[in-house]
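Q: I have a structure here, written as structure tokens, and I will follow up with some questions on it.
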Amino acid sequence: MKIIMLGAPGAGKGTQAKKIAEKYQIPHISTGDIFRANIKNGTELGKKAKTYMDQGLLVPDELVCDLVVDRVKQEDCKNGYILDGFPRTIPQAESLDEALGQMGESLDYAINVDVPDEHIVNRMSGRRACVGCGATYHIVYAPTKKEGVCDVCGAELILRDDDKPETVQKRLSVYHEQTQPLIDYYKGKGILKDVDGTKDMDVVFQAITDILGA
Ligand SMILES: [Zn+2]
């Protein structure tokens, strides 16, 4: 079962990807993890990627795709895998399809965790982080016992810059511009599956397992 996860930043697709990986016993593959592993192991691809990252440049699509394809060729991926955070753009999706095609393979599902922007902005702006120990909370979904004070260490809670509405809105614009076209791309391939990501985490996961089959 070869799956890719789609969804806006903050839609909760990473959490769902982890749960899917656990239930179906397939590796959860994120590009960040692949980069780190290749750089740590000093592979050819890792060295190439590092030269871009050291200069603060984006790693080119082709190289990212090579790294991903190299990863999915490994033994633990033979029963499938779940890709999280790749592809991000149409050119990346096309490179991936081409590379998989050469291996005689193709993706089975593109799962789109669908959450409206306003909902994501609201969700993120309710997050709070402890300035002392880094514990995270949510004013609605995971509140502290005493408002504004960390349960663990008693320090003050703040709304991180990353979670502020204007920052979230900016990330969402980039997403709509670059990544949302993938929804139509995979719809065209007949493998797109939408799930309503506004529901509780467990309900969303149930919807996904209904699609994938128990
Ligand atoms: Zn704390």
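Q: Can you work out which of the residues in the range 151-164 that are open to solvent by 50 Å² or more (accessible area, probe 1.4 Å) and assigned to a strand (DSSP E or B) is nearest to residue 192 (Cα to Cα)?
A: 158
Q: Name every residue in the range 108-137 that is β-branched (Val, Ile, Thr) and either closer than 24 Å to residue 206 by Cβ or open to solvent by 60 Å² or more (accessible area, probe 1.4 Å) (or both), in order of residue number. Lay out the reasoning, then the answer.
A: Step one: list which residues in the range 108-137 are β-branched (Val, Ile, Thr), which gives 111, 113, 115, 120-121, 131, 136.
Answer for the range 108-137, where residues must be β-branched (Val, Ile, Thr) and either closer than 24 Å to residue 206 by Cβ or open to solvent by 60 Å² or more (accessible area, probe 1.4 Å) (or both): 111, 113, 115, 120, 131, 136.
Residue-wise test of (1) in contact with a strand residue (DSSP E or B) (Cβ under 9 Å, 6 or more places away or on another chain); (2) open to solvent by 40 Å² or more (accessible area, probe 1.4 Å); (3) farther than 22 Å from residue 192 by Cα.
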| residue | (1), (2), (3) |
| --- | --- |
| 30 | yes, no, no |
| 50 | no, yes, yes |
| 63 | no, no, yes |
| 88 | no, yes, no |
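Q: Are any of the residues in the range 138-150 in a strand (DSSP E or B), within 16 Å of the ligand (Cβ to nearest atom), open to solvent by less than 60 Å² (accessible area, probe 1.4 Å) and modelled with pLDDT under 95?
A: For the range 138-150, residues in a strand (DSSP E or B), within 16 Å of the ligand (Cβ to nearest atom), open to solvent by less than 60 Å² (accessible area, probe 1.4 Å) and modelled with pLDDT under 95: present.
Q: Would you mention how many residues in the range 99-120 are among the hydrophobic types (A, V, I, L, M, F, W, C) and more than 17 Å from the chain's Cα centre (by Cα)?
A: Adding up the residues that qualify gives 3.
Q: Condition test on residue 175, is it open to solvent by less than 40 Å² (accessible area, probe 1.4 Å) and within 16 Å of the ligand (Cβ to nearest atom)?
A: Answer is no for this residue.
Q: Consider only pairs whose beta carbons are under 7 Å apart and that are at least six residues apart or on different chains; among these, list those whose first residue lies in the range 198-209 and is at pLDDT 95 or above and whose second residue is buried (at least 16 other Cβ atoms within 10 Å of the Cβ) and assigned to a helix (DSSP H, G or I).
A: These pairs meet every condition: 204/16; 205/16; 205/19; 208/16; 208/20.
The values are calculated or read from the model by the stated rules, or taken from the named source; none is laboratory data. For clarity, every value in this text was computed on a predicted model and none was experimentally measured. Positions of Cβ are generated from backbone atoms using ideal geometry, with glycine treated the same way; all protein chains shown enter the neighbour counts. For the accessible areas, the whole protein counts, side chains as well, though only heavy atoms, and no ligand, DNA or RNA atoms are used. Shrake-Rupley method; radii C 1.70, N 1.55, O 1.52, S 1.80 Å.
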